[in-house]
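The values are calculated or read from the model by the stated rules, or taken from the named source; none is laboratory data. Because the structure is predicted, anything quoted here is derived from the model rather than measured. A quick note on method: Cβ atoms are made from the backbone with ideal geometry, for glycine too, and the neighbour counts reach across all protein chains shown.
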Ligand SMILES: C[S@@+](CC[C@H](N)C(=O)[O-])C[C@H]1O[C@@H](n2cnc3c(N)ncnc32)[C@H](O)[C@@H]1O
């Protein structure tokens, strides 16, 4: 491996430790720093295609193959022992983290619309964000009771300006679209989703598990397809006599070309569907420039039809509404 390539992988892991894992998962921070210093682990990563060297994917694959959470000292021996299985996971799986708590930040936007709604989620993963009507919400000053005892209740800190709804939205039709739909009834698919929750985020893991159980009672339909080419086909199935909402959270960053993202945005603005986007601000800089500064690092921008509404925590734990 050239020094440049070697250094680039090490830098990527150091950056992940500092800007993503720090304050969120101290163990992942330590593991990523250990990988950045390890000749053996960098050499392992170098055998994979560039797009398969992601820290999140490597760490989840190690945990999956080794059957649990590791310490920095376990890393090298575990990767040596389970190398074939780890490589297999890293080339067949992707980071399809499905975070149902993101429904808490979508709810105020959905509540502005005339109900009932037809919901189409692109990049739906297992479709857990397609079920905002089946969870409970606790916004601190205001709680929406879960519809069943076993449903999760998502805590979300909302600023005073957030127009909090009083009930779950009324969903008359729902469907997802994903490159690789995950099946809530498949134990291996769901074990992978649970492995993607970082150590130190136990409440997320508990809520994810509860949301999967809710989804299993009546799984949402997820169609296989690419958001750049297959959206119109799926949207054509949605009823036309109610508002049709196309939404996505933590998806468009997976489209590497800004020109493709912009073409998608143009298509959404030209369509008669309502478009809700909850993404990192760098995904659509043309919309982010109209938003006030974010309240902190690592925030997503919630926008409706390209109009910024709020800054949101990427895992749905807070919403800072600023739109009129
Ligand atoms: C990080 S997950 C987010 C899942 C869900 N939206 C959430 O917020 O919990 C990103 C999902 O987008 C899907 N995806 C990425 N590129 C896509 C594309 N071009 N078309 C359709 N789905 C895509 C991935 O397969 C993955 O399931």
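How about the range 219-324: which helices (runs of 4 or more DSSP H) wholly inside it have at least 3 residues that are away from the ligand (no atom under 14 Å from the Cβ)?
The helices (runs of 4 or more DSSP H) meeting that bar are 258-270, 285-288.
Given the criterion at pLDDT 95 or above and buried (at least 17 other Cβ atoms within 10 Å of the Cβ), identify the matching residue among 183, 189, 237, 218.
Every option except 189 fails the conditions.
Can you confirm whether the range 242-251 contains a residue that is at positive phi and crowded, with 20+ Cβ neighbours inside 10 Å?
yes
For residue 147, only one of the following conditions fails: (1) farther than 18 Å from residue 219 by Cβ; (2) over 22 Å from the mean Cα position of the chain (by Cα); (3) without any contact (Cβ under 8 Å) to a residue 24 or more places away in the chain. What is its number?
Among (1) farther than 18 Å from residue 219 by Cβ; (2) over 22 Å from the mean Cα position of the chain (by Cα); (3) without any contact (Cβ under 8 Å) to a residue 24 or more places away in the chain, the lone unmet condition for residue 147 is (1).
State yes or no: is residue 309 within 16 Å of residue 103 (Cα to Cα), at pLDDT 95 or above and in contact with a strand residue (DSSP E or B) (Cβ under 8 Å, 6 or more places away or on another chain)? Outline the logic, then answer.
Working: within 16 Å of residue 103 (Cα to Cα): yes; at pLDDT 95 or above: yes; in contact with a strand residue (DSSP E or B) (Cβ under 8 Å, 6 or more places away or on another chain): yes.
For residue 309, the condition - within 16 Å of residue 103 (Cα to Cα), at pLDDT 95 or above and in contact with a strand residue (DSSP E or B) (Cβ under 8 Å, 6 or more places away or on another chain) - is met.
So is residue 172 more than 16 Å from the ligand (Cβ to nearest atom), touching a residue at least 24 places away in the same chain (Cβ under 8 Å) and either in contact with a strand residue (DSSP E or B) (Cβ under 9 Å, 6 or more places away or on another chain) or within 28 Å of residue 323 (Cα to Cα) (or both) or not?
So residue 172 fits the description; yes.
Against the condition touching a residue at least 40 places away in the same chain (Cβ under 8 Å), more than 21 Å from residue 209 (Cβ to Cβ) and in contact with a strand residue (DSSP E or B) (Cβ under 6 Å, 6 or more places away or on another chain), how does residue 43 come out, does it pass?
Answer is no for this residue.
Can you name the helices (runs of 4 or more DSSP H) wholly within the range 72-167 that have at least 1 residues being within 24 Å of residue 323 (Cα to Cα)?
103-111
Within 11 Å of the ligand (Cβ to nearest atom), outside any loop (DSSP other than H, G, I, E, B) and either free of Cβ contacts under 8 Å to residues at least 12 places away in the same chain or touching a helix residue (DSSP H, G or I) at 6+ places or on another chain (Cβ under 8 Å) (or both): is that true of residue 182 in this structure? It would help to see each step written out before you state the result.
On the way: within 11 Å of the ligand (Cβ to nearest atom): yes; outside any loop (DSSP other than H, G, I, E, B): no; either free of Cβ contacts under 8 Å to residues at least 12 places away in the same chain or touching a helix residue (DSSP H, G or I) at 6+ places or on another chain (Cβ under 8 Å) (or both): yes.
No, not satisfied.
Go through the range 13-28 and give me each residue that's surrounded by fewer than 19 Cβ atoms within 10 Å (Cβ to Cβ), touching a helix residue (DSSP H, G or I) at 6+ places or on another chain (Cβ under 7 Å) and part of a helix (DSSP H, G or I).
Passing the criteria: only 14.
Answer yes or no as to whether residue 92 is within 16 Å of the ligand (Cβ to nearest atom), under 30 Å from residue 30 (Cα atoms) and surrounded by fewer than 21 Cβ atoms within 10 Å (Cβ to Cβ).
yes
I need the full set of residues from the range 124-134 which are within 8 Å of the ligand (Cβ to nearest atom) and more than 10 Å from residue 222 (Cβ to Cβ), in order please.
If the condition is that a residue be within 8 Å of the ligand (Cβ to nearest atom) and more than 10 Å from residue 222 (Cβ to Cβ), then 128, 129 are the ones that fit.
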